[in-house]
Amino acid sequence: MYNLFIPTKKPSQFILYNTLTSAAFVVDTDVKNVLEKSIRNDLSQLKSNEIDFFKKSGVLVDDHIDERNIVRVKREDARFHKDYIKFVVLTTYACNLACPYCFEGKGEVHHKAMSEGNVKLFIKFVKNMALEYNRKTIDVTLFGGEPLLNKNACLKILDELFHWCKKNGIKFKPGIITNGTLLTQDIVNRFVKYGVYFIQITLDGPKNIHDKRRIYKDGKGTYEDIIKSLKIVKKSGIPIQLLVNVDKNNWKSIEKLFDDLIDEDLGGIVLPIEPVYNVTDACAGYSSLCFRSEEIKDVIPKLQRLAYEKGFVVPLAPNSFPLWCGTEFRFSFVVDSFCDIYKCVSFLGDKKHRIGSIGKDGMITDVEYPFYDLMSRDPLSFELCRDCKLLPICGGGCSALAFINKGTYHAENCLRIQGLHERLLLYLEDQFPEQFNDGR
Amino acid sequence: MKSSFYNLFVKADNNEYILYNTLSGAAFIVDEQVKTLFEKKDKLRADDFDKNDFKSFKNEGVIIDDSVDEKKIVKVKNGQNKFQSRYFKFVVIPTYQCNLVCPYCYVERDEITGKKMSNETLNATIKFIKKTVKNNDGKELSLTLFGGEPLMNQNSCYKLLEALILWCKKEKILFHPRIYTNGTLITKDVIEKFKKYSMSFIQITLAGTKNIHDSKRTHKDKTGSYEETIKAVKLTFENNLPLVVAINVDNDNFSHMDELLDDLVKRGLKGVRIMFTPIYSMPHSCAGYSPHCLTINEWGEILPELQKMAINKGFNVPIKPYIEPFFCWASVKNSYVVDPYGDLYKCTSLLEKKYKIGSIDKNGDIKFLEFPYYDIMSRDPLSIKACNDCKLLPICGGGCAALACFEHKTFHRENCTRVRPGFEKKIKIIFEKELLKK
């Protein structure tokens, strides 16, 4: 049931993509027609080697097999991954910018920085969890507010965990999500030393557009400062992820941004393009400027293709597991400056989503109900997801968006999977250029 | 505040009730008046309760916040039990051969498939076990020797135990070697081996009094096996090995249990650990035996009586584990059954090709997992109506997947044979002491 047929430029040709097994084929209309009569296919029209091939790759399955059961088991397998543990740590709620669409309320709702004591507690928590669950890789992302407003906390966390992991034979994968205005050569050098594996910085358009959106508290633009930082990071060799937030206000100007980046010698970097979503009450006022789902489907893949064609690296690969994101992963935690624990950055500071806090012993205190509420999310019990061909790579979509829309985690959200067909097509073109060059 | 969905009130003899919460495991003795308070279900008021009572009810999950849906908690815990555990359970069948021909045996008879595990398959099995445990950071490893009669292939048994004991020691993994045997082949030599390998569980089966046992558990020449089995039980018991005597219960023998227990006492076996197990009706070669099997309701009536009788006669009867979280091992990720062909299954009751989940190659790897693996592993009792509505779910987990499949032709249904029968009576027996104290 998980076969997708994506039209190509040639009217009689389709990409057959199986979302459960990731198998991809180029097929013609005849084969498509045979396969689409999903139950009790009349396979006589297929060649026997084709049948074998389709069976092996899960495109054709035995009648008694309910593939949804495979999805269910794969979800649990991904949820309880055996090696990995992921933390996002909020070194401060404060921020030096005032972006109008910020889902955390621009560091003005909460603004507390993580105290030295809480930094120690967080580090203890990371170590305890890694040992308790025998993790082989620790992924820690520094987040805010603007994390570098609490530079000491950032460096303390990196330094201590870097050495501890080395001593204990654990792989340490630190990353940082920053607005980029406070990056200096000195800090970047330290990041290199600690093996920081990505720095995410945001640009929302060419200078004139960006400077209207991502502004300092006094209204001044941040474009020039960020370009300066990008150059420092690029030189350091740490992979940059340059996030571009897109909405009704800026999408037309994004092509100009791509060209400007190339002019600044910043071509070829990783460039995720994301629509702005309304995920919390803090940014509800901005929601009229966010794209609706049809617009996302229309605009985002076009921009992604454009970026791709201009030589940027656009993350395109579909999930290989049926969870939308780390929120539903058992070993993923977001810790704020109060040492409260959440499952998603969108829930930060909102106690009704809190799953616990770090106790004096550096362990999670009482596990609170939202943990169970979130972790029991089961898209196979949602009507739409149950019959959806995208479930194996979507997992029911973003639970935070589901919550803001329907007041419960137990609902599907299809917003962020929009434009999948176009994205998939681009992904496959990138992976198998020989299939596409000759028109196949 | 509201009353937990998982509160059970079991009436005791003296107008008091045992309030037992199947999710938290908490138990209280309460009177009629307190019980009445709970009838308001979702409109409980702190003021109506004694202050301390209310506090402990809240702490123990008997009274909960309105926003909490406990089924979500059950679902997550169920998932954790299945996928997060670092306890590994392997059942290895070193041979399908057996020297007995019990009419109710559900493992295919050796006339049909009397296969012994080859050396090559044994080595592959050892590799498979080590790899699986190692790759998944196992902390504990339980190995059960099963058959046929495992002691018909003693060499393989000992080789397997030897290899894993050494390896577990090296890897600092806790090892629990176990065996299910009919006992007839247990000699002094075998006992010495059991000691050497520090067996942690030895189960020997009886089917009733000498007369009944000898009519059922017979050799191929129709001679009975009671005396040999008792001898084995004695030998194992006297050597202080961790013995469990399983007594199969059916229509034919339940009314003669006191005779059997008395005979065991007479033969010096007082204090032995006893477990009563019903003979389940299954669609295997033993299907013809079904008329002898007890129904679930009959079993629910009989079991607590038998347990009580055995306790009173001085036997050691494990009753407590039945109120601790139970889940079917078939749907636990790190649990496998390996047969003499090196084929993998999820349960010893599902040793048919159509339930095969894969096979071990000579390097100890599984080439790929077949659909029955996903079918069994995706069993989700919260999506089964009967289980979703059931207060026993937290300690039952939906029951036996194999029996559910035999009855309903799908794993995705409930099976109530393990926990439900006689549950309230069992609760009473367990908390009797505390009731008496009051």
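A few points about this structure:
- Some residue of the stretch B:67-76 being open to solvent by less than 40 Å² (accessible area, probe 1.4 Å), within 14 Å of another protein chain (Cβ to nearest Cβ), free of Cβ contacts under 8 Å to residues at least 12 places away in the same chain and within 30 Å of B:S359 (Cβ to Cβ): no
- Total residues in the stretch A:384-411, condition open to solvent by 10 Å² or more (accessible area, probe 1.4 Å), of a type in the set (V, I, T) and under 23 Å from A:F291 (Cβ atoms): 1
- Some residue of the stretch B:295-318 being touching a residue at least 60 places away in the same chain (Cβ under 8 Å), more than 14 Å from chain A (Cβ to nearest Cβ), open to solvent by 30 Å² or more (accessible area, probe 1.4 Å) and touching a Leu at 6+ places or on another chain (Cβ under 8 Å): no
- Scan of the stretch A:55-113 for residues that are more than 22 Å from the chain's Cα centre (by Cα), assigned to a loop (DSSP other than H, G, I, E, B), among the acidic types (D, E) and within 14 Å of another protein chain (Cβ to nearest Cβ), ordered by number: A:D62, A:D63, A:D66
- Residue count for the stretch A:298-318, restricted to those that are under 13 Å from A:L420 (Cβ atoms) and either buried (at least 16 other Cβ atoms within 10 Å of the Cβ) or at pLDDT 90 or above (or both): 5.
Each row is one residue, and each column tells you yes or no for (1) open to solvent by less than 20 Å² (accessible area, probe 1.4 Å); (2) closer than 24 Å to A:C339 by Cβ; (3) not small (G, A, S).
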| residue | (1), (2), (3) |
| --- | --- |
| A:A153 | yes, yes, no |
| A:K156 | no, yes, yes |
| A:N168 | no, yes, yes |
| A:G175 | yes, yes, no |
| A:T178 | yes, yes, yes |
| A:L182 | no, yes, yes |
| A:Y194 | yes, yes, yes |
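- Condition check for A:A282 on (1) part of a loop (DSSP other than H, G, I, E, B); (2) among the small types (G, A, S); (3) out of contact with any Ser or Thr (no Cβ under 7 Å at 6 or more places or on another chain): one failure, at (1).
- Every residue from the stretch A:383-419 that is closer than 22 Å to A:T280 by Cβ and of a type in the set (K, R): A:K406, A:R416
- Filtered residues of the stretch B:78-101 (kept if away from every other protein chain (no Cβ under 14 Å) and open to solvent by 40 Å² or more (accessible area, probe 1.4 Å)): B:Q97
- B:M282 falls short on exactly one of the conditions (1) out of contact with any strand residue (DSSP E or B) (no Cβ under 9 Å at 6 or more places or on another chain); (2) at pLDDT 95 or above; (3) part of a loop (DSSP other than H, G, I, E, B), and that condition is (2).
- Count of the stretch A:312-335 residues which are under 30 Å from A:L257 (Cα atoms) and of a type in the set (F, W, Y): 2
- Boolean, B:V265 is over 17 Å from B:V101 (Cβ atoms) and open to solvent by less than 10 Å² (accessible area, probe 1.4 Å): no
- Among the candidates B:K433, B:K353, residue that is surrounded by fewer than 17 Cβ atoms within 10 Å (Cβ to Cβ), out of contact with any Phe, Trp or Tyr (no Cβ under 6 Å at 6 or more places or on another chain) and within 30 Å of B:Y20 (Cβ to Cβ): B:K433
- Yes/no for B:S4 being closer than 23 Å to B:I384 by Cα, within 14 Å of chain A (Cβ to nearest Cβ), touching a strand residue (DSSP E or B) at 6+ places or on another chain (Cβ under 6 Å) and in contact (Cβ under 8 Å) with a residue 24 or more places away in the chain: yes
This table checks each residue for (1) over 30 Å from B:K82 (Cβ atoms); (2) of a type outside the set (A, V, I, L, M); (3) buried (at least 17 other Cβ atoms within 10 Å of the Cβ).
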site: A:R68; (1), (2), (3): no, yes, yes
site: A:R75; (1), (2), (3): no, yes, yes
site: A:H81; (1), (2), (3): no, yes, yes
site: A:C99; (1), (2), (3): yes, yes, yes
site: A:K106; (1), (2), (3): yes, yes, yes
site: A:V119; (1), (2), (3): yes, no, yes
site: A:F122; (1), (2), (3): yes, yes, yes
site: A:F125; (1), (2), (3): no, yes, yes
site: A:M129; (1), (2), (3): no, no, yes
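- Of everything listed in (1) in contact with a strand residue (DSSP E or B) (Cβ under 8 Å, 6 or more places away or on another chain); (2) modelled with pLDDT of 90 or more; (3) in a helix (DSSP H, G or I), the single unmet condition for B:W299 is (2).
- Here A:S381 clears all of (1) in contact with a helix residue (DSSP H, G or I) (Cβ under 7 Å, 6 or more places away or on another chain); (2) more than 30 Å from A:L424 (Cβ to Cβ); (3) surrounded by fewer than 21 Cβ atoms within 10 Å (Cβ to Cβ); (4) within 11 Å of chain B (Cβ to nearest Cβ) except the condition numbered (2).
- In the stretch B:375-388, residue most open to solvent (accessible area, probe 1.4 Å) [restricted to those that are at the interface with chain A (Cβ under 10 Å from one of its Cβ atoms) and among the aliphatic types (A, V, I, L, M)]: B:L382
- Just one of (1) under 26 Å from A:C283 (Cα atoms); (2) open to solvent by 40 Å² or more (accessible area, probe 1.4 Å) fails for A:F432. It is (1).
- Residue satisfying all of: in the stretch B:361-374; in contact (Cβ under 8 Å) with a residue 24 or more places away in the chain and touching a Lys or Arg at 6+ places or on another chain (Cβ under 8 Å); nearest to the other protein chains (Cβ to nearest Cβ) among these: B:Y373
- Residue check for B:K385: basic (K, R), closer than 17 Å to B:N78 by Cα and touching a residue at least 40 places away in the same chain (Cβ under 8 Å): no
- Checked against (1) surrounded by 19 or more Cβ atoms within 10 Å (Cβ to Cβ); (2) assigned to a loop (DSSP other than H, G, I, E, B); (3) within 14 Å of chain B (Cβ to nearest Cβ), A:F371 passes all but a single condition, namely (2).
- Test: B:F28 is aromatic (F, W, Y), within 14 Å of chain A (Cβ to nearest Cβ), open to solvent by less than 70 Å² (accessible area, probe 1.4 Å) and assigned to a strand (DSSP E or B): no
- Between B:E120, B:E108, the distinction of being modelled with pLDDT under 90, out of contact with any strand residue (DSSP E or B) (no Cβ under 8 Å at 6 or more places or on another chain), surrounded by fewer than 19 Cβ atoms within 10 Å (Cβ to Cβ) and away from chain A (no Cβ under 14 Å) belongs to B:E108 only.
The values are calculated or read from the model by the stated rules, or taken from the named source; none is laboratory data. In this text the structure is predicted, and so the values were computed from the model without any measurement. Here the Cβ is made from the backbone with ideal geometry for all residues, glycine too, and neighbour counts use every protein chain on show. The area values use the complete protein model at the heavy-atom level, side chains included, leaving out ligands, DNA and RNA. Shrake-Rupley method; radii C 1.70, N 1.55, O 1.52, S 1.80 Å.
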